[in-house]
Amino acid sequence: MQARYSFFSLARNALGYHENWPEAWRSPEPKASYDVVVVGGGGHGLATAYYLAKEHGITNVAVIERGWLGGGNTGRNTTIVRSNYLWDESAALYEHALKLWEGLSQDLNYNVMFSQRGVMNLAHNQHDLRELQRRIHSNRLNGVDSEFLDARGVKEFCPIIDLRQGGRYPVLGASLQRRGGTARHDAVAWGYARGADARGVDIIQNCPVTGFRISNGRIQGVETGRGYIEAKKVAVVTAGHSSVMAGLAGFRLPVHSLPLQALVSEPVKPVIDCVVMSNAVHAYVSQSDKGELVIGAGVDKYVGYGQRGSLPVTEETLAAICELFPIFRRMRMLRQWGGIVDTCPDASPIISKTPVQGLYFNCGWGTGGFKATPGSGWVFAHTVANDNPHPLAAPFALDRFTSGYLIDEHGAAAVAH
Amino acid sequence: MLLIDCPHCGPRAELEFSYGHEAHIERPKAPEALSDAEWADYLFLRDNTKGVILERWVHSHGCRRWFNVARDTVTYEILAVYPMGAEPPALERKTYV
Ligand SMILES: Cc1cc2nc3c(=O)[nH]c(=O)nc-3n(C[C@H](O)[C@H](O)[C@H](O)COP(=O)(O)OP(=O)(O)OC[C@H]3O[C@@H](n4cnc5c(N)ncnc54)[C@H](O)[C@@H]3O)c2cc1C
Ligand SMILES: [Zn+2]
């Protein structure tokens, strides 16, 4: 039985030297059969399981993860959350997610440390300015908070930025989403895992899915490292490995798997209290509660499944950061790593039924899906439960690549996160 | 960082090159005869193999010429470099799950 986290349980456990906390979720042996098997224990997969149980009453569910929970992109990302996307379809999807973020810690009874510290997107030239303003107007029409800052406003919002205009990347203005910010990535995975487990979902780690059993065009179950598991429905949420999974099921996806990297610096005292991102120079930065600068870069340009990033990309990003923030020039970087992101031709996700009945895919979130975690799980759970796309997910189905109804979010999503 | 052996200029650092994704894709000979699904295939579906992939590169900051590469996308080992239009070399097309 799980303990409810509260001030009182904290105080009570402090008296017991924190030795009596119960486990946050079970590690059961897989059952022979489930109503739904979710493949991939990242944030999106766990959120899907959570909402399947909570919103749709489907609790005979397993989440099967090849490694550890959140060990994919969920635990490797720079945690920027915002919803200022250009097109109506994306604005609706990401804004739905942002609204869920705003109540998530309460809903999960788990502190995901969601911090609405404001996200600023910089413009370095006239074209950037026009694009940003177009996006701001479109955001406002969609009820997404978004405002324009001129150079002075940028300096007021983030005083350490270099605005002497002598640099390589002059800052002419920025868009600001005040409701945007960051969250603690691991906590998101753990909070959803704990919430799903409490509702009966089995969470199975260290168990790769290695194949699908399909007969008469219908999914029967999954082959795993721990044997065959029967399933009425299978929901695949494997990010960078989605093409591999689709291949096992006999179809192809319009997805490229590319390494995306990030770095953290040595910890310092609070120096930047917002998120600053620049699409043009492939750099974005915020500061974690531990004091580290969290810096994100661009993707490697070639297909790769090695979870590391190429060094020229690191160099380019750090050069841009030093140019914008001369104050950081002498900082040391502590760690650098990569995650395999699943990018789509239109920089929008795929949330879809597939050519196989009872098999659903949620992927293509590419460089920017962390922000969508709650919304993605919400609409995907609905899609799986009803065998029919959630209205917010319908435009993101696979058939858009045949119909030509692409949702081109390169401006809002491609480099920036 | 990859060290790519340009057939014309010799081994150079990855940042001198641009990537062209899957090799050996032919432009449809009768575009007007294609169905929407065939167009989608031609435009959007590319090999994204976890394993050995056949791909195109161009030496954009060098001789500016295109060529094909066989590369393992997990080890990043470059297994072969061969000219545009040539048949892929005989090598094991290893894949991983
Ligand atoms: C460096 C970096 C920075 C980023 N920055 C941001 C950001 O600031 N803001 C933002 O919104 N997004 C960002 N993203 C993108 C974001 O991290 C992802 O879009 C999001 O986390 C995807 O979540 P997921 O649950 O779908 O994938 P993942 O967390 O990758 O989960 C997929 C899981 O599937 C598992 N899996 C794969 N194959 C199998 C198999 N065969 N069997 C069982 N399990 C399998 C994997 O082990 C993995 O745990 C960033 C990504 C990276 C790499
Ligand atoms: Zn050359």
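The values are calculated or read from the model by the stated rules, or taken from the named source; none is laboratory data. Everything numeric here is computed off the predicted structure, so don't read it as measured data. Every residue, glycine among them, receives a Cβ derived from its backbone with ideal geometry; neighbour counts consider all protein chains shown. Ligands, DNA and RNA are excluded from the accessible area calculation, which covers all protein heavy atoms including side chains. Shrake-Rupley method; radii C 1.70, N 1.55, O 1.52, S 1.80 Å.
Hey, among A:D387, A:D408, which residue is open to solvent by 10 Å² or more (accessible area, probe 1.4 Å) and within 14 Å of chain B (Cβ to nearest Cβ)?
Every option except A:D408 fails the conditions.
Is it fair to say A:G366 is in contact with a Cys (Cβ under 8 Å, 6 or more places away or on another chain) and either within 15 Å of ligand 1 (Cβ to nearest atom) or away from chain B (no Cβ under 13 Å) (or both)?
yes
Against the definition (touching a helix residue (DSSP H, G or I) at 6+ places or on another chain (Cβ under 8 Å), open to solvent by 30 Å² or more (accessible area, probe 1.4 Å), in contact (Cβ under 8 Å) with a residue 40 or more places away in the chain and of a type in the set (S, T, Y)), how does A:T59 come out, yes or no?
So A:T59 fits the description; yes.
For the stretch A:92-190, which strands (runs of 3 or more DSSP E) that fit wholly inside it have 1 or more residues that are open to solvent by 80 Å² or more (accessible area, probe 1.4 Å)? Even if it seems obvious, please write down each step before you answer.
On the way: elements: A:119-123, A:147-150, A:173-177.
In the stretch A:92-190, the matching strands (runs of 3 or more DSSP E) lie at A:147-150.
Sort out which residues of the stretch B:5-25 are among the small types (G, A, S) and either assigned to a loop (DSSP other than H, G, I, E, B) or within 13 Å of chain A (Cβ to nearest Cβ) (or both), and write them in order of number.
Once the filter is applied, which keeps residues that are among the small types (G, A, S) and either assigned to a loop (DSSP other than H, G, I, E, B) or within 13 Å of chain A (Cβ to nearest Cβ) (or both), the stretch B:5-25 yields B:A13, B:S18, B:G20, B:A23.
Go through (1) surrounded by 18 or more Cβ atoms within 10 Å (Cβ to Cβ); (2) within 13 Å of chain A (Cβ to nearest Cβ); (3) more than 29 Å from A:T402 (Cα to Cα) and name the single condition B:S60 misses.
So the condition that B:S60 fails would be (1).
Of all residues in the stretch A:332-344, how many are buried (at least 19 other Cβ atoms within 10 Å of the Cβ) and farther than 18 Å from A:G45 by Cβ?
Residues flagged as buried (at least 19 other Cβ atoms within 10 Å of the Cβ) and farther than 18 Å from A:G45 by Cβ within the stretch A:332-344 amount to 3.
Would the stretch A:319-334 turn up any residue that is on the phi < 0 side of the Ramachandran plot and within 12 Å of ligand 1 (Cβ to nearest atom)?
No, because not a single residue in the stretch A:319-334 is on the phi < 0 side of the Ramachandran plot and within 12 Å of ligand 1 (Cβ to nearest atom).
Against the condition open to solvent by less than 30 Å² (accessible area, probe 1.4 Å), away from chain A (no Cβ under 12 Å) and out of contact with any Ser or Thr (no Cβ under 8 Å at 6 or more places or on another chain), how does B:A30 come out, does it pass?
Details: open to solvent by less than 30 Å² (accessible area, probe 1.4 Å): no; away from chain A (no Cβ under 12 Å): yes; out of contact with any Ser or Thr (no Cβ under 8 Å at 6 or more places or on another chain): yes.
So B:A30 does not fit the description; no.
Among the numbered criteria (1) closer than 30 Å to A:E315 by Cβ; (2) more than 9 Å from chain A (Cβ to nearest Cβ), which one does B:N48 miss?
Checking B:N48 against (1) closer than 30 Å to A:E315 by Cβ; (2) more than 9 Å from chain A (Cβ to nearest Cβ), the one that fails is (2).
Of the residues in the stretch B:63-76, how many are within 9 Å of ligand 2 (Cβ to nearest atom) and open to solvent by 10 Å² or more (accessible area, probe 1.4 Å)?
Residues flagged as within 9 Å of ligand 2 (Cβ to nearest atom) and open to solvent by 10 Å² or more (accessible area, probe 1.4 Å) within the stretch B:63-76 amount to 3.
Of the conditions (1) within 13 Å of another protein chain (Cβ to nearest Cβ); (2) without any contact (Cβ under 8 Å) to a residue 40 or more places away in the chain, A:A394 fails just one. Which one is it?
(1)
Can you name every residue in the stretch A:352-379 that is open to solvent by less than 30 Å² (accessible area, probe 1.4 Å) and more than 14 Å from the chain's Cα centre (by Cα)?
Passing the criteria: A:S352, A:T354, A:V356, A:G358, A:L359, A:Y360, A:F361, A:V379.
Only residues that are open to solvent by less than 30 Å² (accessible area, probe 1.4 Å) and either modelled with pLDDT under 95 or more than 14 Å from ligand 1 (Cβ to nearest atom) (or both): list them for the stretch A:233-273, please.
Once the filter is applied, which keeps residues that are open to solvent by less than 30 Å² (accessible area, probe 1.4 Å) and either modelled with pLDDT under 95 or more than 14 Å from ligand 1 (Cβ to nearest atom) (or both), the stretch A:233-273 yields A:F251, A:P254, A:S265, A:I272.
When you scan the stretch B:15-24, do you find a residue that is exposed (fewer than 14 other Cβ atoms within 10 Å of the Cβ) and over 13 Å from the mean Cα position of the chain (by Cα), even just one?
Checking the stretch B:15-24: not a single residue is exposed (fewer than 14 other Cβ atoms within 10 Å of the Cβ) and over 13 Å from the mean Cα position of the chain (by Cα).
Being touching a Pro at 6+ places or on another chain (Cβ under 9 Å), more than 14 Å from chain B (Cβ to nearest Cβ), outside any strand (DSSP E or B) and more than 16 Å from ligand 2 (Cβ to nearest atom) is true for just one of A:G339, A:G309, A:G291. Which residue is that? Spell out the reasoning first.
Numbers: A:G339 fails: outside any strand (DSSP E or B); A:G309 fails: more than 14 Å from chain B (Cβ to nearest Cβ).
After applying the criteria, what remains is A:G291.
Test of understanding: among A:P391, A:P349, which residue is out of contact with any strand residue (DSSP E or B) (no Cβ under 8 Å at 6 or more places or on another chain) and more than 16 Å from ligand 2 (Cβ to nearest atom)?
A:P391
Results for (1) out of contact with any Leu (no Cβ under 6 Å at 6 or more places or on another chain); (2) in contact (Cβ under 8 Å) with a residue 24 or more places away in the chain; (3) farther than 25 Å from A:A280 by Cβ, shown as yes or no for each residue.
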| position | (1), (2), (3) |
| --- | --- |
| A:Y85 | yes, yes, no |
| A:S90 | yes, yes, no |
| A:W101 | yes, yes, yes |
| A:V112 | no, yes, yes |
| A:S138 | no, yes, no |
| A:N142 | yes, yes, no |
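Which condition number in (1) part of a strand (DSSP E or B); (2) under 20 Å from A:V299 (Cα atoms) is the one that A:I351 fails?
Every condition holds for A:I351 apart from (2).
Just a yes or no: is a residue in the stretch B:68-84 within 14 Å of chain A (Cβ to nearest Cβ), among the β-branched types (V, I, T), within 16 Å of ligand 1 (Cβ to nearest atom) and in contact (Cβ under 8 Å) with a residue 12 or more places away in the chain?
Yes, the conditions are met somewhere in the stretch B:68-84.
Counting only residues that are outside the structural domain of A:T74 (by TED's automatic domain parsing), part of a helix (DSSP H, G or I) and closer than 14 Å to A:A193 by Cα, how many does the stretch A:1-46 have?
Of the residues in the stretch A:1-46, 0 are outside the structural domain of A:T74 (by TED's automatic domain parsing), part of a helix (DSSP H, G or I) and closer than 14 Å to A:A193 by Cα.
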